[in-house]
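Okay, structure first, notes after.
The values are calculated or read from the model by the stated rules, or taken from the named source; none is laboratory data. Predicted model only: the values in this text are computed from it and were never measured. Every residue, glycine among them, receives a Cβ derived from its backbone with ideal geometry; neighbour counts consider all protein chains shown. Heavy atoms of the whole protein, side chains included, go into the accessibility calculation; ligands, DNA and RNA do not. Shrake-Rupley method; radii C 1.70, N 1.55, O 1.52, S 1.80 Å.
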Amino acid sequence: MLALIIKPKYTMKKTGLILTGLFFASFTFGQTVNFQAGTSLSQLDWKFNGANFGSLYNKTLIGYSILAGIDYLDKKYFNLSSNIGFIRKGGKDEVQLYDQNGVLTGETLIDNATLDYFSINTMVDIKYEIKESFTPFVGIGPQFGYLINNSKLFDPIKKDDRLENKSYGLMVGGGIKYNRSKFQLGLRSDYYLDFTKVVDWTDVAPTGGSKITSKTYSISFTIGYKLK
């Protein structure tokens, strides 16, 4: 049933190229390089059209988020930030186990559905410095992801080229930075608002087909070094 999903017709190649260009262009006038490492908290909303059960893999999966970037055009109340790295999205669910005769055993197994993305984002951070060292901020900007790996659960879909390998949308977040001489420490949290679906397929019949969307948060520690 999973192998009957059709890949969306549109692509976001231009969006990825634009964000990549912004990232590398930022090095020309960058002011603070930074590294972010933390966890991702994600869920899938996996539904089959016409099915009498709810969403699958909608329990929270704890993954990873690793990004490197640069803050630039640093003004008193705002700066731009471009970042590139990797993030894991997905979800988990309880799967009922059957014996060799196809009879339910009453036991369950936690199964993870994972999707690993190469991720690029550029954000506008609005900030306000307090006590000369602490700077809280909020940010928003476009984000783009390209699928580089997935769990075996998605292999039948991927084999038939039915799994969407690109995602794009907005990234909304905030946090606080601690400035110490040329070094900068911080903590931030971000929400990935994806406009694309992992899978979007509708059968010609009244029932059938499947839709998968993802919801992902990340919490990261940051460390930066001021170039200027």
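From the cross-link list LYS89/LYS182; LYS76/LYS166; LYS152/LYS215, which pairs have alpha carbons spaced over 31 Å apart? In this structure, LYS89/LYS182; LYS76/LYS166 lie more than 31 Å apart at Cα.
Taking all protein chains together and rolling a 1.4 Å probe, ILE126 ends up with roughly 90 Å² accessible.
The local environment of GLN143, defined by Cβ-Cβ distances under 10 Å, has a net charge of -2 under the rule Lys, Arg +1 and Asp, Glu -1.
Projected onto its three principal axes, the C-alpha set of segment 128-228 covers 63, 25, 20 Å, listed from the longest axis down. Using the Cβ-Cβ distance between LEU193 and LYS228 with R0 set to 35 Å, the FRET efficiency from 1/(1 + (r/R0)^6) comes to roughly 0.65. Packing order of peptides 63-70, 75-82, highest average first: 63-70, 75-82 (average count of other Cβ atoms within 10 Å over each peptide's residues).
Of the residues TYR146, TYR128, TYR72, TYR191, the one with the largest accessible area comes first in the ranking TYR128, TYR146, TYR191, TYR72, computed with a 1.4 Å probe on protein heavy atoms.
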